[in-house]
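J.: My structure is below; once you've seen it, I'll send some questions.
The values are calculated or read from the model by the stated rules, or taken from the named source; none is laboratory data. Here the structure is a predicted model, which means the values were calculated and not measured. Ideal geometry is used to build each Cβ from the backbone, glycine not excepted, and the neighbour counts take in all protein chains shown. Side chains are part of the model used for accessible areas, which takes the heavy atoms of the whole protein and leaves out ligands, DNA and RNA. Shrake-Rupley method; radii C 1.70, N 1.55, O 1.52, S 1.80 Å.
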Amino acid sequence: MQHGKYRFIGGFLVTPLVLYAVFVIWPFIQAIYYSFTDWTGLSPDFKMVGFANYTRMLDDDVFWKSLQHSLLFALLLPLVTLGLALFFAFMLNVGGRRRKGAAITGVRGSGFYKIAYFFPQVLSIAIVALLFRFAYNPNDGVLNGTLTAIGLGSVQPDWLGDPNLALWCVMAVLLWSTVGFFVVLFSAGMASIPMDFYEAALLDGANRFTTFFRITLPLLWDTVQSGWVYMGILALGAEAFAAVQIMTVGPGGPDYSTTVLPLYVYQSAFRDANAAYATTIGVALLIVTLLFAAIVMRLGRRERLEF
């Protein structure tokens, strides 16, 4: 059984490893290389400029604004999204009233609620952003129309036109579109926890609050940690870019109040025809993403619980 084992394993691994190296590792290496050039992205000619792009980036006010907004997304979105998802999943699975023959039950109609929460995941982020762009319209949008209908016609915010509101409006859309996925994910994890644990805790006098922090959260910690990293990558990457690109003025406005790093990479490359500077910002985004994942994994490390 041991004869030829490593050749067998290597035969299966070599193809995916080669594909990963070609389509993931090599583009990263190319991006780092081009960040030391003056390549426009439109011409095959370029020359090495050393650390000029990095010096320019460190002196770029728009870059620092973009970094601030991206970090805000990475810190707040996972916290709020996962917190809400854990609450909803807990209520759906073990938060219902006691019924005959079962000490622990979910709320009635929990299956319907799971479908309703998951529905935004069926829609593309582009569609979601476009729908909310219409909803946020200050003239004939749903939000201001609702305020008028309930007698608050004097309160008509310019949701995406106010620099103090625009970023929070985008963040709310990302929260709405992603929380359902984690509700279903955490519900699946909670369904695998033996009900005997909850029943024993209730017999010992524990309340719902105690059972959540003493039983549910510790046993779901690995799932929560993975979800935190995944949500952070979404907040730093494609989801944030798509929402800001479609919804905001400019996009990225007003006055760079919603510009995030992925959008600034896109604008530098395709609007300003400065691919080298775009790859420099991309390298910074890569470093931020890796640091975020490493910090979450390090701070979230704890002894694995088996059940």
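J.: Look through the range 257-290, keep the residues that are surrounded by fewer than 11 Cβ atoms within 10 Å (Cβ to Cβ) and within 19 Å of the chain's Cα centre (by Cα), and return whichever of them is nearest to Ser35 (Cα to Cα).
T.: Only one residue tops the list, namely Ile287.
J.: Here is a further query. Would you confirm whether any residue within the range 119-131 is within 30 Å of Thr258 (Cα to Cα) and not in a helix (DSSP H, G or I)?
T.: Narrowing the range 119-131 to residues within 30 Å of Thr258 (Cα to Cα): 119-131.
When the remaining residues are screened for being not in a helix (DSSP H, G or I), the result is 123-124.
Yes, the conditions are met somewhere in the range 119-131.
J.: Quick one: Asp162 ticks every box in (1) outside any helix (DSSP H, G or I); (2) modelled with pLDDT under 85 except a single one, so which number is it?
T.: If we test Asp162 against (1) outside any helix (DSSP H, G or I); (2) modelled with pLDDT under 85, just (2) comes out false.
J.: In the range 196-211, what residues are among the hydrophobic types (A, V, I, L, M, F, W, C) and more than 31 Å from the chain's Cα centre (by Cα)?
T.: Within the range 196-211, Phe197, Ala200, Ala201, Leu202, Leu203, Ala206 meet the criteria.
J.: State whether the residues of the range 79-89 include one that is under 19 Å from the mean Cα position of the chain (by Cα), at pLDDT 90 or above and among the β-branched types (Val, Ile, Thr).
T.: Yes, some residue in the range 79-89 is under 19 Å from the mean Cα position of the chain (by Cα), at pLDDT 90 or above and among the β-branched types (Val, Ile, Thr).
J.: Test each condition in (1) touching a helix residue (DSSP H, G or I) at 6+ places or on another chain (Cβ under 9 Å); (2) at pLDDT below 80; (3) open to solvent by 40 Å² or more (accessible area, probe 1.4 Å); (4) not β-branched (Val, Ile, Thr) for Phe119 and report the one that comes out false.
T.: With respect to (1) touching a helix residue (DSSP H, G or I) at 6+ places or on another chain (Cβ under 9 Å); (2) at pLDDT below 80; (3) open to solvent by 40 Å² or more (accessible area, probe 1.4 Å); (4) not β-branched (Val, Ile, Thr), Phe119 is out only on (2).
J.: Taking the range 34-53 only, how many residues are loosely packed, with under 15 Cβ neighbours inside 10 Å and of a type outside the set (A, V, I, L, M, F, W, C)?
T.: Residues flagged as loosely packed, with under 15 Cβ neighbours inside 10 Å and of a type outside the set (A, V, I, L, M, F, W, C) within the range 34-53 amount to 5.
J.: Now for a separate question. For Gly205, which of the numbered conditions (1) more than 27 Å from Ser35 (Cα to Cα); (2) in a loop (DSSP other than H, G, I, E, B); (3) in contact with a helix residue (DSSP H, G or I) (Cβ under 9 Å, 6 or more places away or on another chain); (4) not hydrophobic (A, V, I, L, M, F, W, C) fails to hold?
T.: Of (1) more than 27 Å from Ser35 (Cα to Cα); (2) in a loop (DSSP other than H, G, I, E, B); (3) in contact with a helix residue (DSSP H, G or I) (Cβ under 9 Å, 6 or more places away or on another chain); (4) not hydrophobic (A, V, I, L, M, F, W, C), only one is false for Gly205: (3).
J.: Would you call Ser187 within 18 Å of Ala85 (Cβ to Cβ), surrounded by 15 or more Cβ atoms within 10 Å (Cβ to Cβ), within 18 Å of the chain's Cα centre (by Cα) and hydroxyl-bearing (Ser, Thr, Tyr)?
T.: Numbers: within 18 Å of Ala85 (Cβ to Cβ): yes; surrounded by 15 or more Cβ atoms within 10 Å (Cβ to Cβ): yes; within 18 Å of the chain's Cα centre (by Cα): no; hydroxyl-bearing (Ser, Thr, Tyr): yes.
Considered against the rule, which asks whether it is within 18 Å of Ala85 (Cβ to Cβ), surrounded by 15 or more Cβ atoms within 10 Å (Cβ to Cβ), within 18 Å of the chain's Cα centre (by Cα) and hydroxyl-bearing (Ser, Thr, Tyr), Ser187 comes out as no.
J.: List pairs: first residue in the range 228-241 and closer than 17 Å to Trp168 by Cα, second residue not in a helix (DSSP H, G or I) anywhere in the structure, Cβ distance under 7 angstrom, at least six positions apart or on different chains.
T.: Listed pairs, sorted by first residue: Ala240/Val260; Phe241/Val260.
Each row is one residue, and each column tells you yes or no for (1) among the polar types (S, T, N, Q); (2) open to solvent by 30 Å² or more (accessible area, probe 1.4 Å); (3) in a loop (DSSP other than H, G, I, E, B); (4) at positive phi.
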residue	(1), (2), (3), (4)
Pro138	no, yes, yes, no
Asn144	yes, no, no, no
Ser154	yes, yes, yes, no
Met171	no, no, no, no
Leu174	no, no, no, no
Ala201	no, no, no, no
Arg214	no, yes, no, no
